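Below is one structure, written out as structure tokens, with a few remarks after it.
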Amino acid sequence: MKKIVDEFLDLVKQRNSGEPEFLQAVEEVAETVIPYIVQHDIYYGKNVLLRMVEPERTISFRVCWVDDSGEIQVNRGYRIQMNSAIGPYKGGLRFHPTVNMSILKFLAFEQVFKNSLTTLPMGGGKGGSDFDPKGKSDNEIMRFCHAFMGELFRHIGPNTDVPAGDIGVGAREIGFLFGMYKKLRNEFTGVLTGKGITWGGSLIRPEATGYGNVYFAQNMLEVKGDSFEGKNVAVSGSGNVAQYAAEKVLQLGGKVLTLSDSGGYIYDKEGIDAEKLAFVMNLKNVKRGRISEYIETYSNATYVEGKTPWEVKCDIALPCATQNELNEQDANTLVKNGCICVSEGANMPSTKEAITVFHKAKILFAPGKASNAGGVATSGLEMTQNSLRFKWSREEVDNKLKEIMSNIHDSCIEYGKDDDGYIDYVRGANIAGFVKVADAMLAQGIV
């Protein structure tokens, strides 16, 4: 089996050299899915996984825009249309200096499995630009977004490709992007998700990824007869996902000890309660400040510069920042300190070595393609509401989100439960996501 996996990975590496993030994502899937393929004649010999790792379409384009000083700036724009076997391409747009082809292909590949797990009819895609919104004025961001959409609009549509937000792309950016799309196409359609509530957006969408991550962790804990009640929780990040993950933890009776950003993390041993969380939301969303400013208001807290929060003793860890933020050493520290559950809110925040540590220790571990699928699931619900020209209540959307996360959890158990009762959620998520897409691809022939 190892030989078959290695031969597959060698071929993928030859075709995608210099793309470490993408190769990491493919390797993690291949190691669990290929043994399943070999055992099932319907897939074996059809090169289904090889077809899945090759994007159906890769789009790259130049984005020229004018800054406030009148100088013309040039950025790169991308859209990876990975797989449309079960529905139109669906996935976020990321605006960040680190954006490149490798990162977007990894995100698009993960998105295929994530969208499949939701059971909603959505294919996988991802896109973005190396543009950095930080430090830019609203007018500069508007001009960039309009220029970006000036090229992207020809490649997307409500039944073709439906982008959403991601890092660096929030409600403001979605508004600018949608405005230009509407002008260029002269139509009002649900081509972007994450829209404002007054013009086609869905209630719960901003909260969905963070809420969904906690709902998934709650499902894992319930399998063990446990809950968030009274648990100490370490959360990384301080953006949208981290904020709402922390909010839901508080609602379920947990105690949030940490939040972070690229500069470091804060540790509040008294707990980040609802009032303190509201302060963080205003700090990050309105003032666009740094998490270190927290200790200026709450002096009993500690700020640790240049580190992630995984050295803090906790019962549950929710990595909600970025890829590969939690390494092998961090994993060993968490396990040593008694952590019983890790649920990924970001995309691939744990390294391969860290995941091995969690599995060896037999603790609960949820991969992002399953546990952070709440965001895209609610985007799918937004697409449905747009098609119906209808809006569900907050309670209705939240209940649908809970149900989707519970169904994803059940799928992971179906394909990931070992003979000894331990649930390998990584294997479960990979195989469950693969089966739905692979079946659709086989049914549609070689296209």
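The values are calculated or read from the model by the stated rules, or taken from the named source; none is laboratory data. Worth saying up front: this structure is predicted, and the values here are computed from it rather than measured. Every residue, glycine as well, gets a Cβ built from its backbone with ideal geometry; the counts of neighbours run over all protein chains shown.
Inspection of the range 314-328 finds no residue satisfying the criterion of being closer than 26 Å to L120 by Cβ and in contact with a Cys (Cβ under 8 Å, 6 or more places away or on another chain).
Could we say that E382 is of a type in the set (D, E), within 27 Å of R205 (Cβ to Cβ) and surrounded by fewer than 19 Cβ atoms within 10 Å (Cβ to Cβ) here?
no
Scanning the range 135-163 for residues that are part of a loop (DSSP other than H, G, I, E, B) and closer than 15 Å to T189 by Cβ turns up I156, P158, N159, T160. Flag: I266 does not match the condition of being assigned to a helix (DSSP H, G or I) and among the aliphatic types (A, V, I, L, M). Among residues of the range 220-241 being more than 21 Å from I167 (Cβ to Cβ) and of a type in the set (A, V, I, L, M, F, W, C), the one that is farthest from the chain's Cα centre (by Cα) is V223.
Taking each residue of the range 79-100 that is part of a loop (DSSP other than H, G, I, E, B) and looking for partners that are modelled with pLDDT of 95 or more and among the aromatic types (F, W, Y) with beta-carbon atoms closer than 9 Å, six or more apart or interchain, yields H96/F131; P97/F131; V99/Y78; V99/F131; N100/Y78.
Selection of the range 118-158 for residues being aliphatic (A, V, I, L, M) and within 30 Å of G289 (Cβ to Cβ) yields I141, M142, A147, M149.
Here's the yes/no breakdown for (1) at positive phi; (2) touching a strand residue (DSSP E or B) at 6+ places or on another chain (Cβ under 9 Å); (3) at pLDDT below 95; (4) not aliphatic (A, V, I, L, M):
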residue	(1), (2), (3), (4)
S393	no, no, no, yes
I404	no, no, no, no
S411	no, no, no, yes
D419	no, no, yes, yes
A429	no, yes, no, no
A432	no, no, no, no
V435	no, no, no, no
M441	no, yes, no, no
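Residues that are among the aliphatic types (A, V, I, L, M), over 23 Å from the mean Cα position of the chain (by Cα) and in a helix (DSSP H, G or I) within the range 284-304 comprise just one, I295. So which residues in the range 417-434 are surrounded by 21 or more Cβ atoms within 10 Å (Cβ to Cβ) and either of a type in the set (S, T, Y) or in a helix (DSSP H, G or I) (or both)? Of everything in the range 417-434, those that are surrounded by 21 or more Cβ atoms within 10 Å (Cβ to Cβ) and either of a type in the set (S, T, Y) or in a helix (DSSP H, G or I) (or both) turn out to be Y425, V426, R427, G428, A429, N430, I431, A432, G433, F434. For the range 320-340, a tally of residues being out of contact with any helix residue (DSSP H, G or I) (no Cβ under 6 Å at 6 or more places or on another chain), under 25 Å from D418 (Cβ atoms) and surrounded by 17 or more Cβ atoms within 10 Å (Cβ to Cβ) returns 2.
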